[in-house]
Amino acid sequence: MLRFVFTDINGKSVTAFNPVTLDVNMEQGVPCDDMSAVFAYFDCDELVEVKLFDDDKALFYGIIDEQQILSSASGEYIKIVARSMASKLVDNESEPISYMHPDTFVIESHHITPFGLKTRGENVTFYGTQTVLKGQTNWQAIEDFSKNAYNSTVRVNEYGEVDFSGSKKDSTVVFSNDGDGIPYTKFAQVNKRCEEISKVRIKVTNSCGYNSVVENKDATKRKIQRERYLNSVLTDTPVEYADKMIKNGREKAYYITLECVGQHLSVFNSNAKVKNSICKDIDNLYVSSIRYQLSSKKDVTIVTLKRKEV
């Protein structure tokens, strides 16, 4: 059973069950998960935080962005809109500062602990210089540190912990209608060839043309011709930037969407495999986004799967 535990401005806990509607979204590349829920009206003070559990399993932990009291011919309701705890880091601008060889403890003390969050993962030192510019948020500061020190994408998990150790889960979830996985009622496999980039031509110096080439050999082999030009003056690492352009194109080009009955929020960021009678077995996937929708008419989880980079 889904259980909502709210904390109000006085520190008092308020527990609620059985939402009239519920919409929860989690997406790779988006710092904050978000939640919108409507309940039959209950009396409460101004609410500050919310934790969502499936029995005792944590699914969501965040701050309240919006609280509405609604009344109509159908009844009286309270609506709650919330984002995950990452929103504290996204919403707050960082003090401009430069670090020489920063480690996790230093980043934590400046950008995480002041907002009541903790880190998860081993202490790591980045043997370089990191500068946080005026106007950058605390999220941007820890995101840069995560890339430099951990070579991973940072994420704030369902417990409100800043996880530097990598957002992907080791477990593999199977989607199957054969009785050995999570069943699905809708399946769509999309291959958008128009998103893939076959070549990036790079201008190394102003005195020469775009003579250096980074090629997506897989796309070329599949008869895709879609080229881009990159002036190296615009970036210090042109080959790395070109590789990123090609990678972004691949990520957009292929995905699978599944509609599953019930709530399956915990599979977000897991490795995935799909068993399908038309396309046979499809593996080397991961769950890149989740949307759970609950109302009187439906109780479904829409799952998006993308290919893992080899």
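The values are calculated or read from the model by the stated rules, or taken from the named source; none is laboratory data. Keep in mind that this is a model prediction, so the values were computed, not measured. Every residue, glycine as well, gets a Cβ built from its backbone with ideal geometry; the counts of neighbours run over all protein chains shown.
If you go through segment 121-143 and pick out every residue that is out of contact with any Ser or Thr (no Cβ under 7 Å at 6 or more places or on another chain) and either outside the structural domain of I97 (by TED's automatic domain parsing) or under 15 Å from A86 (Cβ atoms) (or both), you end up with 4. Taking segment 98-109 as the range and being touching a strand residue (DSSP E or B) at 6+ places or on another chain (Cβ under 7 Å) and surrounded by 14 or more Cβ atoms within 10 Å (Cβ to Cβ) as the test, the residues that pass are Y99, P102, D103, T104, V106, E108. The numbered conditions (1) more than 22 Å from Y255 (Cα to Cα); (2) in the same structural domain as V274 (by TED's automatic domain parsing) are all true for A188 except (1). Screening V204, V174, V162 for residues that are touching a strand residue (DSSP E or B) at 6+ places or on another chain (Cβ under 8 Å), surrounded by 12 or more Cβ atoms within 10 Å (Cβ to Cβ) and within 30 Å of Y99 (Cβ to Cβ) leaves exactly one candidate, V162.
Could we say that K88 is loosely packed, with under 13 Cβ neighbours inside 10 Å and among the basic types (K, R) here? So K88 does not fit the description; no.
Of I202, I197, which residue is of a type in the set (A, V, I, L, M), on the phi < 0 side of the Ramachandran plot and in contact with a Leu (Cβ under 8 Å, 6 or more places away or on another chain)? Quick ask: steps written out before the conclusion?
Working: I197 fails: in contact with a Leu (Cβ under 8 Å, 6 or more places away or on another chain).
When all the criteria are applied, what remains is I202.
Taking residues in segment 1-28 that are surrounded by 12 or more Cβ atoms within 10 Å (Cβ to Cβ), and partners anywhere that are among the basic types (K, R), the pairs with Cβ atoms closer than 6 Å and at least 6 places apart or on different chains are V5/K51; N25/R291.
So that you can scan it fast, the table gives a plain yes or no per residue for (1) in a loop (DSSP other than H, G, I, E, B); (2) without any contact (Cβ under 8 Å) to a residue 40 or more places away in the chain:
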position: C32; (1), (2): yes, no
position: A37; (1), (2): no, no
position: C44; (1), (2): yes, yes
position: F53; (1), (2): no, no
position: L59; (1), (2): no, no
position: D65; (1), (2): no, yes
position: E95; (1), (2): yes, yes
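Take segment 16-60 and flag every residue that is charged (D, E, K, R) and under 20 Å from E158 (Cα atoms).
Pass one, segment 16-60, residues charged (D, E, K, R): 23, 27, 33-34, 43, 45-46, 49, 51, 54-57.
The answer is D23, E27, D33, D34, E49, K51, D54, D55, D56, K57.
Go through segment 216-237 and give me each residue that's out of contact with any strand residue (DSSP E or B) (no Cβ under 9 Å at 6 or more places or on another chain), at pLDDT 90 or above and exposed (fewer than 14 other Cβ atoms within 10 Å of the Cβ). Within segment 216-237, K217, D218, K221, R222, K223 meet the criteria.
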